[in-house]
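Take a look at the structure below.
Each value in this text was obtained by applying a stated rule to the coordinates, not by laboratory testing. Model, not experiment: these values are computed from the prediction. Note: ideal-geometry Cβ built from the backbone for every residue, glycine included; neighbour counts use all protein chains shown.
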Amino acid sequence: MIELEPGEKIVLKVRRHKLGLIFESMFLFLFLVLPPLLFWVSERAVVIKGNDLALFVSLYSLVLLIAWMIFFVIWTRYYLDVLIITDKRIIYVDQKGFFSREVATLNLDKIQDITITISGILATFLDFGTVKIQTAGESTEFIMRDVPEPSKIKSIIYELHHKQSTPPNSIT
């Protein structure tokens, strides 16, 4: 999928925090629990003639299928969105859909600024947030949301940027 240059080594692969996957999937829980609950209430309140259980099972099977497809879309975006940091560049893969992705690369010497944002109590305690990398090139920003340990990522990128921008024979 990603072609590395000769001599290039991957330093770090970053995916979104697992809690982001859980939060995106939480509405599916209601989507799955609500129909049986409504069926149970309607069984107690209204007498429906005919085979209402067979109708419910048929419709609920459709709901389960839709929920599975939605979860698959959420999981695919979670798993395939990745920030790859190498010793020469940064590669950001943003999965837009099943058959559509955007891959952007950035040489470390083009970095102008890295901003991290950690918002909220949960993000502070679990140490995840947003990393925004600003460049001088065409794509002005790389934004990766809900990444674990954004401060560590920022320091690794700055360290690699410093190594790349410092000539090998200079004294620091």
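With a length cut of 30 Å (Cα positions projected on each helix's long axis) and a Kyte-Doolittle mean of at least -0.5, go through the chain and give me the DSSP H helices that pass. Numbers along the way, then the final one.
Values: long enough: 18-45 (40 Å, 1.41); 52-80 (42 Å, 1.74).
Result, helices passing both filters: 18-45, 52-80.
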Net charge of Cβ neighbours under 15 Å - reference S100; Lys, Arg +1; Asp, Glu -1: 0
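What is the percent of Cα-Cα separations in the chain that go past 29 Å?
On the way: 6008 of 14706 pairs.
Result: 41 percent of Cα pairs exceed 29 Å.
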Counting Lys +1, Arg +1, Asp -1, Glu -1, what net charge surrounds V11 among other residues with beta carbon under 12 Å of its beta carbon? +3
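Determine the sum of side-chain charges near S119: Lys and Arg each +1, Asp and Glu each -1, restricted to other residues whose C-beta is under 11 angstrom from that of S119. Display every interim value, and only then the final one.
On the way: positive: R145; negative: D146.
Result for the local shell: 0.
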How much of the DSSP beta bridge set in the chain is antiparallel, as a percent to the nearest 5? 100
Percent of Cα-Cα pairs more than 13 Å apart in the range 8-48, please. 70
